[in-house]
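Colleague: If you scroll down you'll find the structure; I have some questions about it.
The values are calculated or read from the model by the stated rules, or taken from the named source; none is laboratory data. What you see is a predicted model, and the numbers here were worked out from it, not measured in a lab. Don't worry about glycine lacking a Cβ; one is built from the backbone with ideal geometry, like all the others, and counts go over all protein chains shown.
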Amino acid sequence: MNGLFKLYTPHGPVAAIERPTAVTVGVFDGVHRGHRALIQKLSTFNLQLSTLVVTLTAHPSFVLGRRQSEYWLDDPEEHLQMLFDAGADYVAEMPFARDVAQLSACQLARMMHECLGMQALLLGYDGRFGSKQNDDFGQLPQLAAELRFDLLHGEPFLVEGMPISSSRIRETLLQGAVGQTADLMGRPYSVHGRVMHGRGVGRTLGFPTANIDLSQTRKMLPKEGVYAVRLSTPHSPLSTLVGMANLGAAPTFGIDKPTLEVHLLDFDGDLYGQTVDVQFLHRLRDIHRFDSAEELQAQLGHDIEQTRQWT
């Protein structure tokens, strides 16, 4: 087994593939609706083949210096689970570094044929892989004929007449348009973290908050602001909890460091130490500096009324 690929099934890591596969390759950041449609097409191409997704463990644009930061639309654990939920029988993680970036498309295809039992390769409508310096992507049809694997092409998945892409989703997050984000991803955008003790200011105002530690997530955050949200914990009945979240600084109290604080509606319990998932449903407003705690209290009351309308 070639050490380039780390194999998983829904039940965990495995050492080898048990039967021939139909393969697609990409970053699949966020596993959005377009990704899922591609994987579903692959899974129905030939029922005698296992569906295998080769996913890169780093963004090529970041590794190659074309992007300064590497923020994702998912975390590693949910990335794998969403690929399996989309229809993958196997997921092969391919660490992406500069040495891998030097491999050509045909070199990678040969490796997938030899190491992953590839009998069909499905390319996204704009999907490319392999080195640009050693570009033989256009020779894949000849290689497919030589090695006798099927070369397939996907179609763009359109929303409002435009293809879905991870870049398009990032733009909606930068704008705080989380409703559009959900339309493109097929689910509300979320981040998760552990509830930690905060400053206690919200409780003194009559709006106790769950303060979420985001230090362990790799995910991109939406635009700073106040949001209507839904909160859940794994394997818990808390999935129906709704609230309003302040994402960003707290200028009224002189706090400049971005935080995520969630005030839960109609809830009186203890979440300290639990890992929670916060789904962003709608952006209510910008963050403002208020001249007094009383002005802030009045605004928070209005925010709660709006939150109930969105949840």
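Colleague: Anything in segment 161-186 that is surrounded by 19 or more Cβ atoms within 10 Å (Cβ to Cβ), farther than 20 Å from Leu83 by Cβ and not hydroxyl-bearing (Ser, Thr, Tyr)? List them, or say none.
Modeller: Leu173, Gly176, Val178
Colleague: Still on this structure, I have one more. Taking strands (runs of 3 or more DSSP E) that do not extend beyond segment 10-118, which have at least 3 residues that are in contact with a helix residue (DSSP H, G or I) (Cβ under 8 Å, 6 or more places away or on another chain) and either in the same structural domain as Pro188 (by TED's automatic domain parsing) or among the basic types (Lys, Arg) (or both)? Give the steps one after another, and end with the answer.
Modeller: Working: elements: 12-14, 21-26, 50-56, 90-94.
Qualifying strands (runs of 3 or more DSSP E): none found.
Colleague: Shifting gears a bit: Please state which one of Leu147, Leu221, Leu152 is farther than 30 Å from Glu114 by Cα and at pLDDT 90 or above.
Modeller: Numbers: Leu147 fails: farther than 30 Å from Glu114 by Cα; Leu152 fails: farther than 30 Å from Glu114 by Cα.
After ruling out the rest, the residue left standing is Leu221.
Colleague: Going by the conditions given, is Leu296 modelled with pLDDT of 85 or more and in the same structural domain as Pro188 (by TED's automatic domain parsing)?
Modeller: Details: modelled with pLDDT of 85 or more: no; in the same structural domain as Pro188 (by TED's automatic domain parsing): yes.
Taking the combined requirement at face value, the residue does not satisfy it.
Colleague: Can you find even one residue in segment 85-101 that is within 16 Å of the chain's Cα centre (by Cα), under 17 Å from Thr9 (Cβ atoms), surrounded by fewer than 19 Cβ atoms within 10 Å (Cβ to Cβ) and at pLDDT 95 or above?
Modeller: yes
Colleague: Residue by residue through segment 111-147, note down the ones that are in contact with a Gly (Cβ under 9 Å, 6 or more places away or on another chain) and within 18 Å of Ala92 (Cβ to Cβ).
Modeller: Leu122, Leu123, Gly124, Gly127, Phe129
Colleague: For segment 220-235, which positions are over 18 Å from Arg283 (Cα atoms) and not in a loop (DSSP other than H, G, I, E, B)? Steps first, answer last, please.
Modeller: Here is the first cut: in segment 220-235, the residues over 18 Å from Arg283 (Cα atoms) are 232-235.
Correct list: Ser232 only.
Colleague: In segment 165-195, what residues are assigned to a strand (DSSP E or B) and out of contact with any strand residue (DSSP E or B) (no Cβ under 7 Å at 6 or more places or on another chain)?
Modeller: None - no residue of segment 165-195 is assigned to a strand (DSSP E or B) and out of contact with any strand residue (DSSP E or B) (no Cβ under 7 Å at 6 or more places or on another chain), so the list stays empty.
Colleague: Let me ask another. Given the conditions (1) aliphatic (A, V, I, L, M); (2) under 28 Å from Trp310 (Cβ atoms); (3) out of contact with any helix residue (DSSP H, G or I) (no Cβ under 9 Å at 6 or more places or on another chain), and given that Val159 satisfies all but one, which numbered condition is not satisfied?
Modeller: (3)
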